[in-house]
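Peer 1: Got a structure for you, written out below as structure tokens; questions coming shortly.
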Amino acid sequence: MKIYTKKGDKGETSLIGGTRVPKHNLRIECYGTVDELNSWIGLLRDQPIDEKHVKILLEIQDRLFTIGSLLASDPEASRMKLPELKEEDVNLLEQEMDKMEAILPEMKSFVLPGGHVIVSYCHIARCVCRRAERLATHLSENDVVSDLVLKYLNRLSDYLFVLSRCLTYELKATETPWKPRM
């Protein structure tokens, strides 16, 4: 199978189900941003971090491929069996956040992203996740998007924030509180 088909040379692409849409279609923006998020999480996973985080990040990357396939599908034209996102996928993120928060100092203010390059990668992934969530909620206003996709992306951005704090703690990096000027 060749990677190039030349079918997209005029600015269109196909959704799962065969529907042709412009490459700037909101559905394409949505799953393209999920793909970008997956790449950032891959970069984060490639850093020297605890294996327990790597294991969860691999699971998240798998779920993001599932979300990408759900978003890449034309809900009216596709008859293809797609992988499923499940409530337990959201539960896993919540359980992992609870474990991390149990060891972290209480957060008393917003924190500035940074302190260590690995923590910064985590914050970038969080921001891309929020963008994916915004695009998915926008898409859901006029098109079919699973409520579970929206819920997972929301919870994932929370997870990535808690992970950034946990990595700050584990790497003995500095967490800088935001002190607004008044």
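Peer 1: Between 175, 170, 133, which is modelled with pLDDT under 95 and surrounded by 14 or more Cβ atoms within 10 Å (Cβ to Cβ)?
Peer 2: Result of the check over 175, 170, 133: 175.
Peer 1: Anything in segment 138-176 that is more than 19 Å from residue 40 (Cβ to Cβ) and touching a Gly at 6+ places or on another chain (Cβ under 9 Å)? List them, or say none.
Peer 2: The answer is 174, 175, 176.
Peer 1: Something else now. Sort through 82, 37, 71 and tell me the only one that's in contact (Cβ under 8 Å) with a residue 60 or more places away in the chain, more than 12 Å from residue 132 (Cβ to Cβ) and in contact with a helix residue (DSSP H, G or I) (Cβ under 9 Å, 6 or more places away or on another chain).
Peer 2: Of the residues listed, the single one that is in contact (Cβ under 8 Å) with a residue 60 or more places away in the chain, more than 12 Å from residue 132 (Cβ to Cβ) and in contact with a helix residue (DSSP H, G or I) (Cβ under 9 Å, 6 or more places away or on another chain) is 82.
Peer 1: Moving on to the next point. Quick check, is residue 50 under 30 Å from residue 11 (Cα atoms), at pLDDT 95 or above and among the acidic types (Asp, Glu)?
Peer 2: Against the criterion (under 30 Å from residue 11 (Cα atoms), at pLDDT 95 or above and among the acidic types (Asp, Glu)), residue 50 does not qualify.
Peer 1: Run residue 82 past the list (1) at pLDDT 95 or above; (2) in contact with a Leu (Cβ under 8 Å, 6 or more places away or on another chain); (3) surrounded by fewer than 19 Cβ atoms within 10 Å (Cβ to Cβ); (4) within 30 Å of residue 72 (Cβ to Cβ) and report the number of the one that doesn't hold.
Peer 2: (1)
Peer 1: Given the options 90, 119, name the one that is closer than 18 Å to residue 159 by Cβ, in contact with a Phe, Trp or Tyr (Cβ under 7 Å, 6 or more places away or on another chain) and not aromatic (Phe, Trp, Tyr).
Peer 2: Just a single option satisfies the conditions, and that option is 90.
Peer 1: A further question follows. Residues of segment 100-121 being surrounded by 13 or more Cβ atoms within 10 Å (Cβ to Cβ) and either closer than 15 Å to residue 174 by Cβ or free of Cβ contacts under 8 Å to residues at least 40 places away in the same chain (or both), which ones? Give the steps one after another, and end with the answer.
Peer 2: Step one: of segment 100-121, the residues surrounded by 13 or more Cβ atoms within 10 Å (Cβ to Cβ) are 100-101, 104, 107, 111-116, 118-121.
Answer for segment 100-121, where residues must be surrounded by 13 or more Cβ atoms within 10 Å (Cβ to Cβ) and either closer than 15 Å to residue 174 by Cβ or free of Cβ contacts under 8 Å to residues at least 40 places away in the same chain (or both): 104, 107, 111, 112, 113, 114, 115, 116, 118, 119, 120.
Peer 1: Exactly one of these conditions fails for residue 37: (1) part of a helix (DSSP H, G or I); (2) farther than 30 Å from residue 167 by Cβ. Give me its number.
Peer 2: Among (1) part of a helix (DSSP H, G or I); (2) farther than 30 Å from residue 167 by Cβ, the lone unmet condition for residue 37 is (2).
Peer 1: Of all the helices (runs of 4 or more DSSP H) wholly in segment 48-156, which have at least 3 residues that are of a type in the set (A, V, I, L, M) and within 19 Å of residue 31 (Cβ to Cβ)?
Peer 2: Those helices (runs of 4 or more DSSP H) span 51-71, 117-140.
Peer 1: Shifting gears a bit: When segment 15-27 is examined, which residues are found to be under 16 Å from residue 80 (Cβ atoms) and within 23 Å of the chain's Cα centre (by Cα)?
Peer 2: 15, 16, 27 - these are the residues of segment 15-27 that are under 16 Å from residue 80 (Cβ atoms) and within 23 Å of the chain's Cα centre (by Cα).
The values are calculated or read from the model by the stated rules, or taken from the named source; none is laboratory data. Quick caveat, the model's predicted, so the values are computed rather than measured. Cβ sites come from the backbone with ideal geometry, for glycine too, and all protein chains shown count toward neighbours.
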